[in-house]
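Q: Quick one: this structure, given as structure tokens, is what I'll be asking you about.
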Amino acid sequence: MSLSTVDVAKHHVGARAAQRHYSQNLLFVAHVAVILFLGALILYPTLILLDQSVRDDGGNFSLAWYVQAYTSLRNYQAILNTLLISFGAAGCAVVAGTFLAWAVVRTDMPGRRVVELASIVPFISTPLIGALAWILLASPQTGLINQAWRLLGGGAFLDIYSIWGIIFVEVLYETPLVFLLVAGALRSMAPTLEEASLASGAGLFSTTLRVTLPLALPAILAGALLVFILAAEQFAVPAVLGTPAKIRVLTTSIFEAQSVYPARHGLAAALSVTLLAIALGGLWLHQRLLGQRSFTTVSGKSAEPRRLALGALRRPVLGLCLVYLLLAVVLPFTAIFLSSIRTIWTADFRWEQFTLGNYHTVLFAYPGAQRAIVNSLFIAATGATATILLCAFISFLTVRARLPGSKLLDALSMVPMGFPGIVLAVGLLHAWISPPLVLYGTIWILFVAYMTRYIPIGVRAVSASLAQIHPELEESSLASGASWFQTFRHVTLPLLKPGMFAGWALLFVAFTRELSASILLYSPRLEVLSVVVYDMYQEGSFRALSALATVQVLIAIGVLALAKLFTRLDHSAEAQALR
């Protein structure tokens, strides 16, 4: 009897070991499958893009497109404009974002919470809407500010159609990225070094300049590089503000080469490779800096840092913060909303000029807008769901499973962060326009483009939540005989639900506002919101586009409000997603 019990126990142990071995092998197969899937999403279009850039119209190997890209004065000027705008936007956004973060986190400035909340509002809108709003405000002829100034007897003194106008608008919408990164670094600092500086007789301002900001320097530089990348890949702002002034950048040059007849696919590919090299170089430096961020700023114990007593400067510092909020939030949103409820755009306000007819037009009488709302909501809902589930599995494989190739998987999931949207669109366009899998002309190519582009946001959002879950819970499940997949389904996923829904909300908003990739990939009757807003701008329908832009912003606010209500979505989650 005793021997039989021992044999049964050995049998159960052997069965459990065999099951665990089978589970481990199955997990490794899934791990390889995910790597191959990401390779198909990211690397295959990239290889097609590179091949297209070295083929002439006859399909033969040639470097003629690169010669044209780098020797043509128009393209040379586009490259220089791209670099000028990127450096200018990065420099200004770093100053503004670091100042906001310092004022909110390290000083006793009044209204800190309001400034912090309002500074994130530009995420809800889009640079396209911001550029259109500033046309309404600062166009030389019709801008509301210029009109009001002329009524007072002056002349037009603002011209948003300039390279400085492009930099100005991009700074307004990229500053929150720097704010989130630097604020996170300032909050995570141990105050011991600052206290030692104060105890040595240094003043609070001197301590800020010589201790606080140098400790936050990796996050500041990482924010600068991130803004540099995003400014280089920006399409909407240069297209809207640069085209009237004949200011060309790489993104608008790529769009022009791809959309003219006959299309110059090779030139578009060569310019795309140039922009991709700029963006990936910035991404590499960005990741290097973020990898070093915690060396000097984070300690094992949390402590509330001393706040700088501003004294008489409390109100002036608050005033500077409010200037940014006025330019980035109050004026643009007010301009778009007022434009949406008026029949004519003048500084002479009369009651008969106000109407809700623009909303009736876009919601009931403009088929393209109706289709765009339905298509955007469908892609955003299904795409965000599929992407966040994939990102959860990727995070589980890289953070918990630690299988061979985990670093490769993690690197692949971050590569799209350095892919400009329009470059990705060019690659996908050539990759999926011919057999064996034809996606162009269907809504699924937009689905693939959005998923590929925003995988890094989903992975970072889920990984931030996964890092807060102690691995003992999963280890207990595995020790009890559950497989990796059972553990992931019944233990990890339920614990990740709040973080996943927060990431889903961020992805949903990102999907509804994407333009750079959509502008080349959409097909007739498959329009999305951002494309229709841009088309309305091309048609000069400012009242209708203002109404549609307001609807787009309200959708984003509603989704983020629900995420805030039902999950732990906060600024730290947004910051982790950006990292």
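Q: Can you say whether Thr126 is within 30 Å of Leu226 (Cβ to Cβ), touching a Lys or Arg at 6+ places or on another chain (Cβ under 9 Å) and buried (at least 22 other Cβ atoms within 10 Å of the Cβ), as far as the supplied structure shows?
A: Details: within 30 Å of Leu226 (Cβ to Cβ): yes; touching a Lys or Arg at 6+ places or on another chain (Cβ under 9 Å): yes; buried (at least 22 other Cβ atoms within 10 Å of the Cβ): yes.
Taking the combined requirement at face value, the residue satisfies it.
Q: A further question on this structure: Of Gly153, Gly165, Gly143, which residue is over 30 Å from Thr208 (Cβ atoms), without any contact (Cβ under 8 Å) to a residue 12 or more places away in the chain and either among the acidic types (Asp, Glu) or out of contact with any strand residue (DSSP E or B) (no Cβ under 9 Å at 6 or more places or on another chain) (or both)? Working first, answer last.
A: Details: Gly165 fails: without any contact (Cβ under 8 Å) to a residue 12 or more places away in the chain; Gly143 fails: without any contact (Cβ under 8 Å) to a residue 12 or more places away in the chain.
The conditions single out Gly153.
Q: Can you tell me which residues in the range 85-95 are buried (at least 17 other Cβ atoms within 10 Å of the Cβ) and either within 27 Å of Thr243 (Cβ to Cβ) or among the hydroxyl-bearing types (Ser, Thr, Tyr) (or both)? Even if it seems obvious, please write down each step before you answer.
A: Just the residues of the range 85-95 that are buried (at least 17 other Cβ atoms within 10 Å of the Cβ), to begin with: 85-86, 88-90, 92-94.
Across the range 85-95, the qualifying residues are Ile85, Ser86, Gly88, Ala89, Ala90, Cys92, Ala93.
Q: Residue by residue through the range 323-355, note down the ones that are of a type in the set (Phe, Trp, Tyr), out of contact with any strand residue (DSSP E or B) (no Cβ under 7 Å at 6 or more places or on another chain) and outside any helix (DSSP H, G or I). Walk me through it before giving the result.
A: Narrowing the range 323-355 to residues of a type in the set (Phe, Trp, Tyr): 324, 333, 337, 345, 349, 351, 354.
Narrowing further to those that are out of contact with any strand residue (DSSP E or B) (no Cβ under 7 Å at 6 or more places or on another chain): 324, 333, 337, 345, 349, 351.
Once the filter is applied, which keeps residues that are of a type in the set (Phe, Trp, Tyr), out of contact with any strand residue (DSSP E or B) (no Cβ under 7 Å at 6 or more places or on another chain) and outside any helix (DSSP H, G or I), the range 323-355 yields Trp345, Phe349.
Q: Out of Trp484, Trp444, Trp504, I need the residue that is crowded, with 23+ Cβ neighbours inside 10 Å, modelled with pLDDT of 90 or more and among the aromatic types (Phe, Trp, Tyr). Which one? Can you show your working first?
A: Working: Trp484 fails: modelled with pLDDT of 90 or more; Trp444 fails: crowded, with 23+ Cβ neighbours inside 10 Å.
Being crowded, with 23+ Cβ neighbours inside 10 Å, modelled with pLDDT of 90 or more and among the aromatic types (Phe, Trp, Tyr) holds for just one of Trp484, Trp444, Trp504, which is Trp504.
Q: Looking at (1) in contact (Cβ under 8 Å) with a residue 12 or more places away in the chain; (2) surrounded by fewer than 19 Cβ atoms within 10 Å (Cβ to Cβ), which one does Leu117 not meet, given that it meets all the others?
A: (1)
Q: Assess whether Arg55 counts as being loosely packed, with under 14 Cβ neighbours inside 10 Å and in contact (Cβ under 8 Å) with a residue 24 or more places away in the chain.
A: Details: loosely packed, with under 14 Cβ neighbours inside 10 Å: no; in contact (Cβ under 8 Å) with a residue 24 or more places away in the chain: yes.
So Arg55 fails the test.
Q: Take Thr492 and decide whether it is hydroxyl-bearing (Ser, Thr, Tyr) and in contact with a Lys or Arg (Cβ under 8 Å, 6 or more places away or on another chain).
A: On the way: hydroxyl-bearing (Ser, Thr, Tyr): yes; in contact with a Lys or Arg (Cβ under 8 Å, 6 or more places away or on another chain): yes.
Spelling it out, Thr492 is indeed hydroxyl-bearing (Ser, Thr, Tyr) and in contact with a Lys or Arg (Cβ under 8 Å, 6 or more places away or on another chain).
Q: Of all the residues that make up the range 510-524, how many are more than 23 Å from Val249 (Cα to Cα) and crowded, with 24+ Cβ neighbours inside 10 Å? Break it down into steps so the answer makes sense when it comes.
A: We begin by selecting, within the range 510-524, every residue more than 23 Å from Val249 (Cα to Cα); these are 510-512, 523-524.
If we keep only those that are crowded, with 24+ Cβ neighbours inside 10 Å as well, we get 511-512.
Going through the range 510-524 one residue at a time, the tally reaches 2.
Q: Restricting attention to the range 211-234, which residues are in contact (Cβ under 8 Å) with a residue 40 or more places away in the chain, in contact with an Asp or Glu (Cβ under 7 Å, 6 or more places away or on another chain) and assigned to a helix (DSSP H, G or I)? Before the answer, list the steps.
A: First, the residues of the range 211-234 that are in contact (Cβ under 8 Å) with a residue 40 or more places away in the chain: 212-213, 215-216, 218-234.
Of the ones still in play, those that are also in contact with an Asp or Glu (Cβ under 7 Å, 6 or more places away or on another chain) are 212, 227, 230-231, 234.
Within the range 211-234, Thr212, Val227, Leu230, Ala231 qualify.
Q: Any chance the range 552-571 includes a residue that's in a helix (DSSP H, G or I) and farther than 30 Å from Val362 by Cα? Give the derivation first.
A: Initial filter on the range 552-571 (in a helix (DSSP H, G or I)): 552-566, 571.
If we keep only those that are farther than 30 Å from Val362 by Cα as well, we get 566, 571.
Looking for residues that are in a helix (DSSP H, G or I) and farther than 30 Å from Val362 by Cα, one finds at least one in the range 552-571, hence yes.
Q: Something else now. So how many residues does the range 58-69 have that are under 20 Å from Val423 (Cα atoms) and free of Cβ contacts under 8 Å to residues at least 24 places away in the same chain? Steps first, please.
A: So the first thing to find is which residues in the range 58-69 are under 20 Å from Val423 (Cα atoms), and the list is 63-69.
Remaining after also requiring free of Cβ contacts under 8 Å to residues at least 24 places away in the same chain: 63, 67.
Number satisfying all stated conditions: 2.
Q: Next up: In this structure, does Val559 turn out to be of a type in the set (A, V, I, L, M) and at pLDDT 95 or above?
A: Working: of a type in the set (A, V, I, L, M): yes; at pLDDT 95 or above: no.
For Val559, the condition - of a type in the set (A, V, I, L, M) and at pLDDT 95 or above - is not met.
Q: For Leu473, are the conditions met, namely being buried (at least 18 other Cβ atoms within 10 Å of the Cβ) and among the hydrophobic types (A, V, I, L, M, F, W, C)? If you could, list the steps in order and put the result at the bottom.
A: Numbers: buried (at least 18 other Cβ atoms within 10 Å of the Cβ): no; among the hydrophobic types (A, V, I, L, M, F, W, C): yes.
Criteria not met by Leu473.
Q: Among what's in the range 13-36 and is modelled with pLDDT of 85 or more and surrounded by fewer than 13 Cβ atoms within 10 Å (Cβ to Cβ), pick the residue that is farthest from Pro416 (Cα to Cα).
A: The selected residue is Val29.
Q: Within the range 144-166, is even one residue more than 16 Å from Val105 (Cα to Cα), at pLDDT 90 or above and of a type in the set (S, T, N, Q)?
A: Yes: the range 144-166 contains one or more residues that are more than 16 Å from Val105 (Cα to Cα), at pLDDT 90 or above and of a type in the set (S, T, N, Q).
Q: Still on this structure: Read through the list (1) buried (at least 17 other Cβ atoms within 10 Å of the Cβ); (2) basic (Lys, Arg); (3) without any contact (Cβ under 8 Å) to a residue 24 or more places away in the chain, then give the number of the only condition that Arg402 fails.
A: (1)
Q: A further question on this structure: Across the range 58-74, what is the number of residues that are crowded, with 16+ Cβ neighbours inside 10 Å and within 23 Å of Leu428 (Cβ to Cβ)?
A: Total meeting the criteria: 3.
Q: Restricting to the range 235-263, give me the number of residues that are closer than 22 Å to Val273 by Cα, aliphatic (A, V, I, L, M) and either touching a Lys or Arg at 6+ places or on another chain (Cβ under 7 Å) or part of a helix (DSSP H, G or I) (or both).
A: Going through the range 235-263 one residue at a time, the tally reaches 6.
Q: Considering only the range 304-319, I want to know if a residue exists there that is within 22 Å of Gly165 (Cβ to Cβ), in contact (Cβ under 8 Å) with a residue 60 or more places away in the chain and surrounded by fewer than 18 Cβ atoms within 10 Å (Cβ to Cβ).
A: So in the range 304-319, the residues within 22 Å of Gly165 (Cβ to Cβ) come out as none.
Scanning the range 304-319 turns up no residue that is within 22 Å of Gly165 (Cβ to Cβ), in contact (Cβ under 8 Å) with a residue 60 or more places away in the chain and surrounded by fewer than 18 Cβ atoms within 10 Å (Cβ to Cβ).
Q: Say we look at the range 135-181 and pick out the residues that are in a loop (DSSP other than H, G, I, E, B) and within 26 Å of the chain's Cα centre (by Cα); which of these is nearest to Leu225 (Cα to Cα)? Spell out the reasoning first.
A: Step one: of the range 135-181, the residues in a loop (DSSP other than H, G, I, E, B) are 139-143, 152-162.
Right, trim to within 26 Å of the chain's Cα centre (by Cα) and you get 160-162.
Working: Ile160: 25, Tyr161: 26, Ser162: 23 Å.
Once the filter is applied, the top-ranked residue is Ser162.
Q: Can you name the number of the only condition in (1) within 20 Å of Leu50 (Cα to Cα); (2) part of a helix (DSSP H, G or I) that Val491 fails?
A: In the conditions (1) within 20 Å of Leu50 (Cα to Cα); (2) part of a helix (DSSP H, G or I), Val491 misses (1) alone.
The values are calculated or read from the model by the stated rules, or taken from the named source; none is laboratory data. This one's a predicted model, so the numbers in the text were calculated from it and none came from an experiment. All Cβ positions, even for glycine, are placed from backbone atoms using ideal geometry, and neighbour counts span all protein chains on display.
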